[in-house]
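Asks: This structure is in structure tokens; I'll ask about it shortly.
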Amino acid sequence: MSAVCAACLRRSHLVACLAPRIAGLLDRPRRRPATLLALEENELIARVAGSGGAAAARFLQTFDARSARRRLVAARIDAVCCHEESYPAGLGALDDPPPVLYIAGGADRLRAMTAGPVATIVGTRRASPYALEVAYQLGRDVAAAGVTVVSGLALGIDAAAHRGALAGGGKALAVLGSGADVVSPRSNLRLYELVRERGVICSELPPGQRAFRWSFPARNRIMAGLGAITVVVEAADPSGSLITAAFAADIGREVGAVPGRVTARLAAGSNRLLRDGASVIRDADDVLDALFGARERHVAPSDRGPAKVSEASAEPAAEGPGRAPGLPTRPAGRAAEPLEPRLRSVLQSVEAGAGPAEIARDGGLSAADVRAALGRLELLGLVRRDVLGMYERTARR
Amino acid sequence: MLASVATFAIEGVDSREVTVEVDSRRGLPAFTIVGLPDPAVREARERVRAALLNSGLEFPLRRLTANLAPAHLRKAGPSFDLALAVAVLAGSGQLPCSDLSGYAVCGELSLGGLVRPIEGAVAIAHGARSVGYPRLIIPVENAAEAALVEGIEVFGVPSLDRIVALLRGSWRPDPPRARPVSSVPAPEDLDLTDVRGQADAKRALEIAAAGGHNLLMIGPPGVGKTMLARRLPGILPPPSVEESLEITRIHSVAGLSGRTLVSQRPFRAPHHTVSASGLVGGGVVPRPGEITLAHRGVLFLDELAEFSRTALEALRQPLEEGRVEIVRGQRSIVFPAAAMLVAACNNCPCARSPDDCACTAADRARYAARLSHALLDRIDLVCRLEAGLPSAATASGARSGSAVARGRALAARERQSRRLVESGVFCNAGMDARLTRRYVELTPSARSRLVEAQEGGSLTGRGHDRVLRIARTIADLAARPQIEPSDLDEALGFRLGSGMRAAA
């Protein structure tokens, strides 16, 4: 990590120093900061600093790379600059790649995780239960196939994707809008610790830096740059996830979206992406198809190489053998077991939106039989009740 | 000259002995009452004086000091009037002191010397009997309810001069007639057949009635949640004599009783603006709350989401332990509170029909989060009602009324009480974790189904016991000695939805 060059360090600290003023300049929400962050240092100061220009210039002159490095060591944060070999290659396609990536969880692990295939999964914070489940399963099954899952550690879809990735093999990579050691929202603390322990958390802002309004869209460009594909699970319109998708499209990456109900405002953004030509993502296989071409359902052994190394170093024998075959096959194993005819017909009624009373009438069953069938289906994970007790079909097949 | 008379003060739903002492000596005529009297007790001086004079008796022109012992206990209400009057009479030599032994005296006086009825006569009779008084003098209106307590002779008196006659041995009232327990359980005009369709909810109601489980009904307005809840007492087994006495005693303290034995299970439906102390009891002189008034019956909370969170949280202890403990100063008072909780709420905050509803998923999640998690945690059965299907009532054919459902519930209860006879609980809902392990048997296939649920992560420790209790009741309804997989499936289906557990 000592290889981080002083110029890159200085540049990233300058951005951090100017951060509050950048927020002021980008009054209109969701304007992309791309052009701004690509400016030369002096130009950036001139554009952003205003009356504080002299102070910023002084900051530049007095910047001490050695003390900055000491602070990194103290905060247990690694750093990789864009001139290093281990800097993620995917970011090179950006107009304004972050000069330094600050990493919690180890630079080696980041290198191993970004050397293989990477998929970015993003979506709204206020997600529907359906979308949360899809995000979880996508994260889990994609990670189980050996693909690194990138997301933003926000509430909702991001958290679900991270949780899924951890459940499916620990290849979770979070990109933050604040410093890599700052947990926000606090309710994600537990998840943050899990990802830091078993995956990687990175940011372009130095440790301790709080998030700004502009730093989230700025973070989105990093997520788009890391991923070979960006999947939007559920997003309203407008939405930060659409910014991520737009970045991905700009640099020629694949964009996919999970179909939502056309009447749901929450899914308006992701549905618009589909209309505009994004790939339809129904499950992990669709992601893998998009990454490796149709029918190539798993990561080729050569692609898997570095990932294996990372697993071995990250979690020595913790859940090494048995995990990889275990997790992805479990849902498939359940589906293989055929349902009784009665359960199947009740399941079909739930899919059609019927409540217990309708199911009983249409199927000629007693109330007790219907309730028993629903209890069984819920146990099998095929149906679920929403917050107010209404039955709905889950994503499991 | 000193005279003392025994009386009883209501404390919670029990009564406590209070001794009224009157000291009468020469001096400036005065009448003082000591022993922490409240204003109503202090005003007894005027009532006693006027009542004595208007009854043709003499109010002594002496210095009278009355003490209500134990002196540290706060005395409230007018029920000490009669005892004070009798003590004054004895202290002034108008009644012989020796005749008072063995009597407890309770009642309120009017200025004209008539005796007015009081509250809590059953509790007073209970207390008097347990302390060891063989005879109780009580207002004639309260005599019938006091006579429900066996082992004590109850004298119902209409006026002060009758008491004097009674104590002098020149008059005896007719013995009060304790009314026999009525065997008709519920008003017959509320029947399950009044609610069309909703077979699923009726099934939930029957399981709740059979096992004494708590129930939450969720559904759009007008589908019959309230109607169903009101029909629950009609399918509950009638209270036993013991239970009837408990109910009567509480209702007598609260002033609700018709001065006879309550032979129906109470149904209490407090409005959602009720305060925490209104729900569980409280006040400076603690009074029973709605859950105590619903003891051995049903507490129905309509519009559960509108109740204040503090009120709902206060229900935790009573739902868990079947009693409420209220601490005031150094004393704590225990109210019995073994009621079934039946709650209802809408399926979305706008409370419109599903076709007009514009609530988003987030709105509904927020609404669900208003329900107290601690309370939901204590609800065994959750069922969702949908707007009525016109043909459902006719299609199902078998329109099983309350009588049929009650018959099944009663049979299931009998099976439970036979099984639980040594355990001290009445019904499946009362079983704790230890009793559940001991009394609930599963067939091997049901056991493997249970293991599957636990391994799938959808069943936690507490949920596990709850599901077993419900499954046990379902099996009792079907007269199965062991729990079959289908019983377990149905019990799982009635649990709180997974989405709800997460949101609350």
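Asks: When Lys and Arg each count +1 and Asp and Glu each count -1, what net charge do the other residues less than 12 Å away from B:ALA201, Cβ to Cβ, add up to?
Replies: Details: positive: A:ARG371, B:ARG196, B:LYS202, B:ARG203, B:LYS225, B:ARG231, B:ARG384; negative: B:ASP200, B:GLU206, B:GLU386.
Net charge around B:ALA201: +4.
Asks: Within 10 Å of each Cβ of A:352-360, how many other protein chain Cβ atoms are there on average?
Replies: Values: counts 0, 0, 2, 7, 11, 14, 3, 1, 8.
The per-residue average across the peptide is 5.
Asks: With a 4.7 Å Cβ cut-off, tell me which Cys residues in chain B come up empty for a partner.
Replies: Those would be B:CYS97, B:CYS106, B:CYS345, B:CYS350, B:CYS357, B:CYS383, B:CYS427, since no other cysteine Cβ in chain B comes under 4.7 Å of theirs.
Asks: Could you tell me which of B:VAL164, B:PRO481, B:ILE33 has its Cα farthest along the dipole of the protein assembly as shown towards the positive end, charges placed at Cβ (Lys, Arg +1; Asp, Glu -1), taken about the Cα centre?
Replies: The listed residue farthest towards the positive side: B:ILE33.
Asks: May I ask you to evaluate 6.51 cos²θ - 1.76 cosθ + 1.60, the Karplus curve with θ = phi - 60°, for each residue of segment B:70-75 and list the ³J(HN,Hα) values in order in whole Hz, giving x for glycine and proline?
Replies: x, 6, 7, 8, 6, 9
Asks: Once amide H atoms are built 1.01 Å from N in the peptide plane, which residues 5 or more positions from A:SER279, or in another chain, come under 5 Å H to H?
Replies: Amide H neighbours of A:SER279, under 5 Å, 5+ apart: A:VAL255, A:GLY256, A:ALA257.
Asks: Ordered by packing density, taken as the mean number of other Cβ atoms within 10 Å over each peptide's residues, highest first, how do B:5-17, B:165-177 rank? Don't skip to the end; give the middle numbers.
Replies: Values: B:5-17: 23.2, B:165-177: 13.2.
Ranked by mean Cβ neighbours within 10 Å, highest first: B:5-17, B:165-177.
Asks: Over the whole of A:374-383, what's the average partner chain Cβ count within 10 Å per residue? Rounded to a whole number, please.
Replies: Values: counts 6, 14, 9, 3, 9, 11, 4, 4, 0, 3.
Counting Cβ atoms of other protein chains within 10 Å of each residue's Cβ and averaging gives 6.
Asks: Now, a different point. Just want the answer: with Cβ charges of +1 for Lys and Arg and -1 for Asp and Glu, which residue in B:GLY401, A:MET113, B:GLY493 is farthest toward the dipole's positive end in the protein assembly as shown?
Replies: A:MET113
Asks: So, in Å, what gap is there between the alpha-carbon centers of segment B:1-46 and segment A:55-117?
Replies: Answer, in whole Å: 87.
Asks: Mind running the shape call on segment B:222-340? Use the C-alpha gyration tensor, a ≥ b ≥ c as the square roots of the eigenvalues: rounded below 1.5 for a/c, prolate if a/b tops b/c, oblate otherwise.
Replies: Working: a/c = 1.91, a/b = 1.09, b/c = 1.75.
Oblate.
Asks: Work out, step by step, the length gained on full extension between B:ARG378 and B:SER423: first 0.36 nm times the residue separation, then minus their alpha carbon distance; give nm to one decimal. Intermediate values should be presented prior to the final figure.
Replies: On the way: separation 45, 0.36 × 45 = 16.20 nm, distance 2.13 nm.
Taking B:ARG378 through B:SER423 to full extension adds about 14.1 nm, to one decimal.
Asks: Where the only charges are on Cβ atoms (+1 Lys, Arg; -1 Asp, Glu), what is the dipole of segment B:2-168 about its Cα centre, to the nearest 20 debye? Can you show the working numbers first?
Replies: Details: 16 positive and 18 negative charges, 132 e Å.
For this selection, approximately 640 debye.
Asks: When Lys and Arg each count +1 and Asp and Glu each count -1, what net charge do the other residues less than 14 Å away from B:VAL18, Cβ to Cβ, add up to? Walk me through the numbers on the way to the answer.
Replies: Working: positive: B:ARG16, B:ARG74, B:LYS75; negative: B:GLU11, B:ASP14, B:GLU17, B:GLU21, B:ASP38, B:ASP81.
Net of charged neighbours comes to -3.
Asks: Mind ordering A:159-165, B:103-109, A:246-252 by average Cβ neighbours within 10 Å, highest first? Don't skip to the end; give the middle numbers.
Replies: Details: A:159-165: 28.1, B:103-109: 26.4, A:246-252: 18.0.
Put in order of decreasing packing, that is A:159-165, B:103-109, A:246-252.
Asks: Restricting to Cα pairs below 8 Å that are 6+ residues apart, what does the relative contact order work out to for chain B? Please round to a whole percent.
Replies: Values: 1028 pairs, mean separation 65.6, N = 504.
Normalised by residue count, the contact order of chain B is 13 percent.
Asks: Helix B:402-419 against the longest principal axis of chain B: what's the angle in degrees, Cα atoms only, rounded to the nearest 10?
Replies: With rounding to tens, the tilt is 80 degrees.
Asks: Would you work out which of A:ALA246, A:SER184, A:GLY293 lies farthest towards the positive end of the dipole of segment A:66-301? Charges go on Cβ: Lys and Arg +1, Asp and Glu -1.
Replies: Value: A:SER184.
Asks: A further question follows. Under 15 Å between alpha carbons, and skipping anything fewer than 8 positions from B:LYS75 in its own chain: which aspartates and glutamates qualify?
Replies: List returned: B:GLU11, B:ASP14, B:GLU17, B:GLU21, B:ASP38, B:GLU43, B:GLU108, B:GLU119.
Asks: Go through B:229-236, B:56-63 and give me the packing order, highest mean Cβ count within 10 Å leading.
Replies: Per-residue Cβ counts within 10 Å, averaged per peptide and sorted highest first, yield B:229-236, B:56-63.
Asks: In addition: Distance between the C-alpha centers of segment A:147-223 and segment B:116-155? Whole Å please.
Replies: When both Cα centres are located, 73 Å separates them.
Asks: Is there a simple number for the mean count of other chain Cβ atoms within 10 Å of the Cβ of residues in B:193-204, and what is it? Intermediate results must be reported in sequence, preceding the final value.
Replies: On the way: counts 0, 0, 0, 0, 3, 3, 9, 11, 3, 1, 7, 3.
Per residue, the average neighbour count from other chains is 3.
Asks: Given the rule -39500 (n - 2.57) for each run of at least 4 DSSP H residues, summed and divided by the residues of chain B, what is its mean residue ellipticity at 222 nm, to the nearest 500 deg cm²/dmol?
Replies: Values: 23 runs with 195 residues, N = 504.
Counting only the DSSP helices, I get -10500 deg cm²/dmol.
Asks: Read phi for every residue in segment B:245-252 and hand back ³J(HN,Hα) as whole Hz from Karplus 6.51 cos²θ - 1.76 cosθ + 1.60, θ = phi - 60°, with x for Gly and Pro.
Replies: After applying 6.51 cos²θ - 1.76 cosθ + 1.60, I find 5, 4, 5, 4, 5, 5, 5, 5 Hz.
Asks: Hey, got the dipole for chain B? About the Cα centre, +1 on K and R Cβ, -1 on D and E Cβ, debye to the nearest 20?
Replies: On the way: 61 positive and 54 negative charges, 99 e Å.
Result for chain B is approximately 480 debye, rounded to the nearest 20.
Asks: If you don't mind, there's one more thing I want to ask. Taking the Cα centre of segment A:338-393 as origin and charging only Cβ (+1 Lys, Arg; -1 Asp, Glu), how large is the dipole, in debye to the nearest 20? Mind dumping the intermediate values first?
Replies: On the way: 8 positive and 8 negative charges, 22 e Å.
Dipole size: approximately 100 debye.
Asks: ³J(HN,Hα) across segment B:217-223 via Karplus (A = 6.51, B = -1.76, C = 1.60, θ = phi - 60°), whole Hz, x for Gly/Pro?
Replies: Coupling constants for segment B:217-223: 10, 10, x, x, x, x, 8 Hz.
Asks: Please report, to one decimal in angstroms, the Kirkwood hydrodynamic radius of segment A:66-301 built from all distinct Cα-Cα pairs. Please list the in-between numbers first.
Replies: On the way: mean 1/r = 0.0582 Å⁻¹.
Averaging 1/r across every pair of different Cα atoms and inverting gives 17.2 Å.
Each value in this text was obtained by applying a stated rule to the coordinates, not by laboratory testing. Since the structure is predicted, the reported quantities are computational estimates derived from the model, not experimental observations. Please note: Cβ atoms are built from the backbone with ideal geometry, for glycine as well, and neighbour counts cover all protein chains shown.
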